[in-house]
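Input: a single structure, listed below in structure tokens.
The values are calculated or read from the model by the stated rules, or taken from the named source; none is laboratory data. Quantities reported herein were computed from a predicted structural model and do not represent experimental measurements. For neighbour counting, all protein chains shown are included, and Cβ atoms are generated from backbone atoms with ideal geometry for every residue, glycine included.
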Amino acid sequence: MFKIIKNSELKVPPLTREERLWVHRLKRCLKACPERLELMTSGDQLEVVDRDGASKSELHSGIANKDGIVLAYMPGPKCHGVC
């Protein structure tokens, strides 16, 4: 599901026009992700992992890297994960 939160529901400034355009570009990019690939957060970066390998790995504490399923690292803005 894709949803931009209504301004009335926010306790922080809403997205600027430029930020909103970026969010839409990111949505299109993620929609075009090849079926084989999945993304995983690790600290301040995203890791691109093999989907089949991810289903067989514990994916934490460096295990994905040790299992040889990490295909690429992408540093970028801080990624927050939730349980």
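Out of all the residues in region 1-55, which are in a loop (DSSP other than H, G, I, E, B), of a type in the set (A, V, I, L, M) and at pLDDT 95 or above?
Matches in region 1-55: 4, 5, 10, 12, 15, 32.
Enumerate the pairs (first residue in region 32-55 and crowded, with 18+ Cβ neighbours inside 10 Å; second residue anywhere and of a type in the set (Lys, Arg)) with beta-carbon separation below 6 Å, excluding pairs fewer than 6 apart on the same chain, so at least 6 apart or on different chains.
38/51
Mind listing just one residue for me: the one in region 10-31 that is touching a residue at least 12 places away in the same chain (Cβ under 8 Å) and not hydrophobic (A, V, I, L, M, F, W, C) and, of those, farthest from residue 65 (Cα to Cα)?
Top of the filtered list is 20.
Among the residues of region 56-66, which ones are closer than 21 Å to residue 34 by Cβ, hydrophobic (A, V, I, L, M, F, W, C) and not in a loop (DSSP other than H, G, I, E, B)?
Of everything in region 56-66, just one residue is closer than 21 Å to residue 34 by Cβ, hydrophobic (A, V, I, L, M, F, W, C) and not in a loop (DSSP other than H, G, I, E, B), namely 64.
Out of all the residues in region 49-83, which are of a type in the set (Asp, Glu) and within 15 Å of the chain's Cα centre (by Cα)?
Result: 50, single match.
Here's a check for you: in region 69-83, which residue that is touching an Asp or Glu at 6+ places or on another chain (Cβ under 9 Å) and in a loop (DSSP other than H, G, I, E, B) is nearest to residue 2 (Cα to Cα)?
So, considering only residues that are touching an Asp or Glu at 6+ places or on another chain (Cβ under 9 Å) and in a loop (DSSP other than H, G, I, E, B), the one nearest to residue 2 (Cα to Cα) is 79.
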